[in-house]
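J.: Structure in structure tokens, see below.
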Amino acid sequence: MIEGDNMQILKGYIFRMYPTKEQEALINKTIGCSRFIYNHFLDDKIKEYKETGKSKSAYYLHNH
């Protein structure tokens, strides 16, 4: 970084994975579970908003 300059340089990396069939199955299960949990709490939040006009905060959802 040049002194006195506020410019930031960001780097990124791209990786190609070649999982085995067993690893692929585990990755798919993990993603499926994450999607299920996300959709469950999204549905909970939508229902709460329809009933009360207020939405549960991320803090509440994280701690309850």
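Bear in mind these aren't lab numbers, they're just calculated from the coordinates by the rules spelled out. A quick note: this is a predicted structure, and the numbers were derived from the prediction, not measured. Methodologically, a virtual Cβ is constructed for each residue, glycine included, from the backbone with ideal geometry; neighbour enumeration extends over all protein chains shown.
J.: Just to verify a result, which residue in the stretch 31-64, among those that are within 21 Å of the chain's Cα centre (by Cα) and assigned to a loop (DSSP other than H, G, I, E, B), is surrounded by the most Cβ atoms within 10 Å (Cβ to Cβ)?
T.: LYS56
J.: Shifting gears a bit: Pairs please, first residue from the stretch 33-45 and closer than 16 Å to TYR60 by Cβ, second anywhere and surrounded by 10 or more Cβ atoms within 10 Å (Cβ to Cβ) and hydroxyl-bearing (Ser, Thr, Tyr), Cβ atoms under 8 Å, 6+ apart in sequence or on different chains.
T.: Note: pairs meeting the criteria are LYS45/SER55.
J.: Right, next: Go through (1) surrounded by fewer than 11 Cβ atoms within 10 Å (Cβ to Cβ); (2) assigned to a helix (DSSP H, G or I) for ASN28 and report which single condition fails.
T.: Only one criterion is unmet by ASN28, namely (1).
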